Every structure is written in structure tokens, then in C-alpha cells.
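Take a look at the structure set out below.
The values are calculated or read from the model by the stated rules, or taken from the named source; none is laboratory data. Since we're looking at a predicted model, the values are computed, not measured. Here the Cβ positions follow ideal geometry from the backbone for every residue, glycine too, while neighbour counts run over all protein chains shown. Protein only, heavy atoms only, side chains kept; ligands, DNA and RNA dropped before computing areas. Shrake-Rupley method; radii C 1.70, N 1.55, O 1.52, S 1.80 Å.
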Amino acid sequence: MKRALKLPIGIEDFKEIRTEGFYYVDKTGMITELLNSWSKVNLFTRPRRFGKSLNMNMLKYFFSYDCDPKLFDGLAVSEETELCEKYMGKFPVISVTLKGVEGMNFEEALSMLCVVIGQEALRFRFLLESEKLSDTDREQYALLTRVNAEEGSMFPMEKNVLTGSLKTLSDLLCRHYGQKVILLIDEYDVPLDKANQYGYYDEMVHLIRGLLGNALKTNESLFLAVLTGCLRVAKESIFTGLNNFKVRSITDARFDEYFGFTDTEVKEMLHDYGLEKKYGTIKEWYDGYCFGNSDVYCPWDVINYVDKVRFDPDAEPEAFWINSSGNAIIRTLLQKATDQTMEDLDQLVNGLSVTKKINEELTYRELYDSIDNLWSVLFTTGYLTRRKKTAPGTCELVIPNQEIRVIFTEQILSWFQEEVRKDAPTLDAFCESFSAGDPSRIEQMFSSYLKRTISIRDTAIQKDKKENFYHGILLGLLSHRQDWSLRSNAESGKGYCDILIKIKSISMGIVIEIKYSESRNLEAACQKALQQIEEKNYADQLMEDDMTTILKYGIACRRTACMVRMAD
């Protein structure tokens with residue numbers, strides 16, 4: 001019964017999932033489509049955490065000579081009997097992932113790449129004893145797997161050996177088996193991304209171009225190749241000269257349902273775990289991506305959230321995606337932001353769309369050259385999705401769901417607070433306006449700060465979420481005063497106050513309650529905040545802590561406007 005199955009969080013081994021009691025969302029239809037819509041070399045570009053690695057591992061187990069047909073029992077591909085008879089378990093398969101190939105310099109990355117390919121070559125130790133190979137062939141194989149017997153480690157390959165390694169291994173396996181090979185390369189562009197970050201991009205491009213050029217362009221021992229990555233990196237000539245090469249990007253309708261979970265798959269999973277009531281929450285937080293013609297959810301998020309609510313039905317949704325990798329792209333966007341960029345971000349965070357030119361053939365070298373390129377990067381990496389095409393090369397872009405909206409908001413707040421902290425005198429003056437009992441000065445300065453960031457006003461966003469945005473900005477500004485004791489959402493009196501401040505040096509306490517005003521009547525919202533302070537006795541905790549002077553502020557915000565009132 002599926003309800004008893006474990007959820008495969010972080011597990012990318014197809015065999016482990018199928019044999020160790022894990023839940024599996026059937027994506028084996030990808031095998032059928034891959035073989036029927038034939039192309040010798042296929043590149044799938046998708047954002048991280050959308051199932052690329054698991055699908056590649058599935059392909060490995062299907063095609064490999066040591067395939068166990070039972071792994072595919074009951075799955076979609078098993079219904080294709082002729083296809084299974086012809087292709088299942090009929091090939092030598094070379095499978096490498098480059099996601100771990102990185103280093104602070106080129107030499108470190110080169111060494112990592114040698115280990116990755118060398119370890120894969122070691123799976124075929126029988127080649128050293130193969131009667132189908134010549135002495136020269138076996139010597140070539142030995143160069144791929146040079147092992148220090150005393151230390152049990154691998155010697156780095158010579159660079160010319162490394163660039164020809166995948167082709168060499170293909171040739172040797174083809175001669176041994178009398179069958180052309182299948183080559184799987186997962187996350188092929190990670191070494192380029194890391195090289196761009198650490199300053200050895202040209203060297204890495206040259207190396208990857210040679211490695212893939214030999215393996216894909218001039219390899220007569222190749223039957224089929226599948227690669228995955230985030231970007232195509234076409235202009236670097238890595239794939240130039242391939243006559244039978246297909247790029248299956250996020251805008252391509254082919255294979256669109258095989259990366260990510262469809263709505264039907266999510267509903268089935270929730271049914272299997274008895275969590276149908278969570279459908280609305282999951283759709284709001286993790287749906288909204290448009291791949292080709294399919295609307296898909298981020299599988300990483302869905303699995304993590306379902307696993308969480310299985311044991312805690314009241315668990316709140318989280319931005320799981322942000323914890324699985326860095327979000328430097330958004331920070332770079334903010335650092336390069338123009339006034340127009342901030343207006344565009346304001347539109348996006350508030351649930352509206354922006355129309356931008358999209359270039360899916362950027363190189364890593366070009367990513368941050370222009371603010372215009374960053375929109376393409378945000379699109380291809382999953383921070384934005386397409387609502388519709390508006391013209392050739394142009395898309396109407398939106399933030400796909402609540403999770404990504406939270407990521408944007410948190411990154412914007414963090415960046416904003418870093419920027420304003422650079423002006424310590426102004427921050428000091430702002431904070432001192434609170435202790436001086438000067439609501440007019442607070443209002444003036446806080447409005448100025450708000451105009452430098454964006455607002456949260458979309459009607460689809462709950463009111464408390466909007467208030468949290470302004471709460472976060474104000475808390476970040478006030479935390480500049482390290483000699484003040486700040487508490488956020490502090491329990492006091494009959495409830496929880498937004499912000500309580502203790503200034504022990506002068507025995508002063510400050511109570512702040514923030515309201516978001518749906519209308520332009522900020523005065524009414526301020527009075528409501530002050531009334532709440534009194535009715536819920538938010539000042540009680542400050543009085544218990546012997547604060548002799550207590551100031552109470554009601555602050556109302558709407559978009560980039562605010563009003564501040566102080567209790568008499």
C-alpha cells in the first residue's frame with residue numbers, strides 16, 4: 001500500500017527507491033519518448049531540484065546490461081513490450097555526474113574531474129582481462145584508472161588523456177561487447193558555473209569543449225547520449241558540429257511532463273497519504289512552473305512538505321528550495337538594479353507580470369554583463385516562469401508561487417538592510433527619533449526608506465504577510481542600535497506585540513504595533529494599532545522590567561507610504 005511508503009528525500013538512486021520501499025512518481029514514459037522521438041545527442045535544461053539526476057539514474061538502470069527488469073514492473077515503460085525487448089538491458093552505459101566538479105582554482109577542478117571519470121572507468125575493470133581488446137587497448141584503459149596501490153588513491157590523468165577519456169572508454173566498451181554505448185552526463189555545466197565564479201572560466205571551457213567534443217562529435221562507438229544542465233551554453237561552441245543534437249529546454253513542449261510533478265501526480269500522492277486537504281496549500285506554494293505546455297510543481301518541495309505534514313498535520317509550508325542551494329542570482333540582480341529594475345521587482349512580488357526578452361543561449365561569461373541578461377537567468381533557473389509568449393524571443397514572466405515570492409522578499413529585505421547600514425549616521429538619527437518621541441521624524445525617514453525598496457500589496461497575499469514585510473524592514477533598521485534590547489513578536493500582556501524595545505541606560509521602553517492599510521485611510525490603521533496596544537496591555541512586560549518611561553507607536557503602511565502616531 002503506497003501510504004506506508006517512505007518519501008525519497010534527497011535520494012537519486014532509482015534502484016534504491018524501487019527496492020527499499022520508497023514512493024516513486026512514474027517518469028518512465030520519458031524512456032519511450034526518448035527512443036521514439038529519436039536524436040543521438042539530447043540536452044535537457046531544467047532548474048535544480050526538478051528530478052534531472054533521478055531521471056538520468058533511471059535511464060542508466062533501464063539500458064544497462066545488468067538491468068533488473070523487476071525494477072520497472074508496473075511502470076509506464078513496462079507496457080511498451082516491443083521497446084523493452086529491444087532496448088532494456090541491451091547496452092554498456094557510461095554514467096557520470098559533474099555536479100561535484102568544482103575548485104577554488106583550475107587545478108583543483110581538474111583533479112575532481114579526473115576522479116569522477118576515473119571512478120566510472122573503474123566500474124569496468126574486466127576490460128583489463130578482455131580477450132576482445134589488444135595490449136594497446138588495455139594500456140589505454142589503464143591510463144584512465146591509474147591507481148596508487150599503496151595509498152588506494154587515483155593518480156590524475158594527463159590532460160590529453162582526460163579530454164579523450166569518455167571517447168576512449170566508449171571505444172573499449174564497444175569493442176568488448178560488440179555494442180555501441182549509451183553516455184549519460186548529468187549537470188554537465190556545473191564545472192563552467194564554478195569556473196566562472198572562481199576565475200578560471202577560459203581554461204574550463206577549453207577542457208569541457210575537448211571532453212564533450214571527443215565524446216559526442218567524433219565518437220563512432222556512441223549509440224545515444226543524454227546530458228542535463230541549467231543552461232545550454234551554446235555560444236562557447238561546446239556543441240558546435242553536432243548534426244543530430246536536440247536541446248529540450250523549459251520552453252520545449254516535448255518531455256515537458258517528465259521534470260517536475262504534474263497536478264494529477266500531486267493529487268494522487270496526496271490521496272495515497274491521506275492528505276487531500278493540503279492540496280490548496282501545496283498548489284499555492286509549490287505549483288506554477290510552466291515547462292513547455294505543462295504546468296508543474298517543484299518535486300523537491302512537494303516531497304519535503306508531504307513528509308513533514310505526515311507527522312505534523314499543522315506544519316506550515318516552507319521555502320525548501322532556498323535551503324537546497326544559494327540564491328546569489330537574486331543578490332546580483334539587486335546589486336545591478338536600476339530604478340526600472342526595482343519597479344519590475346515590485347510588479348513581480350505583487351503578483352503581476354513583466355515582459356522581457358529571453359535568451360536561452362547565454363554563456364556563463366555573459367550572465368552578469370547586463371541587467372537584461374539576468375531576467376533570462378532568473379527564467380532558466382526557476383525563479384521566474386513564463387505566463388505566455390508575447391513575441392519571438394519575448395516572454396511575459398511571473399513569480400511562479402508563494403515559495404519563490406518568499407525567497408525574493410527575504411533576499412530583498414536582506415539586501416536592503418545591508419545597503420542602509422552603510423549610512424550609520426542616518427540610521428542613528430532614525431532610531432533616536434523613536435526614543436525622542438518624534439513621530440513626524442519617524443514617519444518622514446521611514447517613508448524615505450520604503451521608497452528605496454518595494455511593497456507587498458497583492459490582494460492574493462494574506463494581510464499578515466504584508467504586515468510581516470514592513471515588520472521585517474523596521475526590525476532590521478532598529479537592530480542597528482546594538483545597545484537596545486529588541487524583541488519581535490514578543491509575548492506581553494494579553495497577546496504578542498510586533499516590537500518591544502528596552503533602552504536600559506535611560507529606563508525607557510518602546511511599544512510598536514504595525515498595520516497594513518488596505519485603503520488610503522492610514523490614520524484609521526494607526527489608531528487601530530494604538531487601540532490594540534492598550535486593549536492587549538502590550539506595555540505590561542516593559543513595566544515589569546522596570547522601564548519607567550514607555551512610548552507607544554502605531555504605524556500604518558501602504559505600498560511605499562506610511563503614517564506614524566504616538567499615544568498620548
| message | I'm trying to understand the selection: among the residues of region 319-335, which are out of contact with any Phe, Trp or Tyr (no Cβ under 7 Å at 6 or more places or on another chain) and at pLDDT 80 or above? | response | Ala319
| request: Return a yes/no flag: does region 102-111 have any residue that is among the acidic types (Asp, Glu), touching a residue at least 60 places away in the same chain (Cβ under 8 Å) and either surrounded by fewer than 19 Cβ atoms within 10 Å (Cβ to Cβ) or closer than 18 Å to Gly210 by Cα (or both). | output: yes
| Condition met for Leu43 (modelled with pLDDT under 95 and touching a Lys or Arg at 6+ places or on another chain (Cβ under 9 Å)) | yes
| List, please: which pairs have Cβ atoms under 6 Å, are six or more places apart or on different chains, and start with a residue in region 487-506 that is at positive phi and end with one that is crowded, with 19+ Cβ neighbours inside 10 Å? | Gly493/Tyr538
| remark: Picking from Lys86, Lys60, Lys132, Lys70, the residue that is over 19 Å from Phe14 (Cβ atoms), basic (Lys, Arg) and outside any loop (DSSP other than H, G, I, E, B) would be Lys86
| note | All conditions in (1) touching a residue at least 60 places away in the same chain (Cβ under 8 Å); (2) aromatic (Phe, Trp, Tyr); (3) closer than 30 Å to Asn244 by Cα are true of Phe14 except (1)
| task | Please find, among Val116, Val96, the residue that is in contact with a strand residue (DSSP E or B) (Cβ under 9 Å, 6 or more places away or on another chain), modelled with pLDDT of 95 or more and within 12 Å of Pro191 (Cβ to Cβ). | result | Val96
| query | Is there a residue being hydroxyl-bearing (Ser, Thr, Tyr) and in a loop (DSSP other than H, G, I, E, B) anywhere in region 517-524? | reply | yes
| request: Report whether or not Val115 is of a type in the set (A, V, I, L, M), open to solvent by 10 Å² or more (accessible area, probe 1.4 Å) and in contact (Cβ under 8 Å) with a residue 24 or more places away in the chain. | output: yes
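Is it the case that region 536-550 has a residue that's touching a Leu at 6+ places or on another chain (Cβ under 6 Å) and either surrounded by fewer than 21 Cβ atoms within 10 Å (Cβ to Cβ) or modelled with pLDDT under 95 (or both)?
Within region 536-550 (the criterion being touching a Leu at 6+ places or on another chain (Cβ under 6 Å) and either surrounded by fewer than 21 Cβ atoms within 10 Å (Cβ to Cβ) or modelled with pLDDT under 95 (or both)), the answer is yes, since at least one residue qualifies.
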| query | Is one or more of the residues making up region 351-371 among the small types (Gly, Ala, Ser), touching a helix residue (DSSP H, G or I) at 6+ places or on another chain (Cβ under 9 Å) and either in a loop (DSSP other than H, G, I, E, B) or open to solvent by 50 Å² or more (accessible area, probe 1.4 Å) (or both)? | reply | yes
| task | Look through region 272-296, keep the residues that are open to solvent by 30 Å² or more (accessible area, probe 1.4 Å) and part of a loop (DSSP other than H, G, I, E, B), and return whichever of them is nearest to Ala253 (Cα to Cα). | result | Asn293
| query | How many residues are within 11 Å of Arg175 (Cβ to Cβ) and exposed (fewer than 14 other Cβ atoms within 10 Å of the Cβ) if we restrict to region 129-144? | reply | 3
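Consider region 372-390. How many of its residues are under 20 Å from the mean Cα position of the chain (by Cα), of a type in the set (S, T, N, Q) and not in a loop (DSSP other than H, G, I, E, B)? Talk me through it step by step, then tell me what you get.
Keep residues of region 372-390 that are under 20 Å from the mean Cα position of the chain (by Cα), which gives 373-387.
Keeping just the survivors that are of a type in the set (S, T, N, Q) gives 373, 376, 380-381, 385.
From what's left, not in a loop (DSSP other than H, G, I, E, B): 373, 376, 380, 385.
Of the residues in that region, 4 qualify.
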| The lone exception for Asp312 - which of (1) more than 22 Å from Glu33 (Cα to Cα); (2) buried (at least 21 other Cβ atoms within 10 Å of the Cβ) it fails | (2)
| field | Cys114 being within 32 Å of the chain's Cα centre (by Cα), part of a helix (DSSP H, G or I) and not basic (Lys, Arg) | value | yes
| said: I'm trying to understand the selection: among the residues of region 520-535, which are within 21 Å of Tyr449 (Cα to Cα) and open to solvent by 50 Å² or more (accessible area, probe 1.4 Å)? | reply: Arg520, Asn521, Glu523
| remark: Selection from region 182-236 of residues under 30 Å from Asn36 (Cβ atoms), surrounded by fewer than 19 Cβ atoms within 10 Å (Cβ to Cβ) and among the acidic types (Asp, Glu) yields Glu220
| message | Residue pairs, Cβ under 7 Å, 6 or more apart or interchain, first in region 71-97 and in contact (Cβ under 8 Å) with a residue 40 or more places away in the chain, second hydroxyl-bearing (Ser, Thr, Tyr) and in a strand (DSSP E or B). List them. | response | Phe91/Ser64; Val93/Ser64
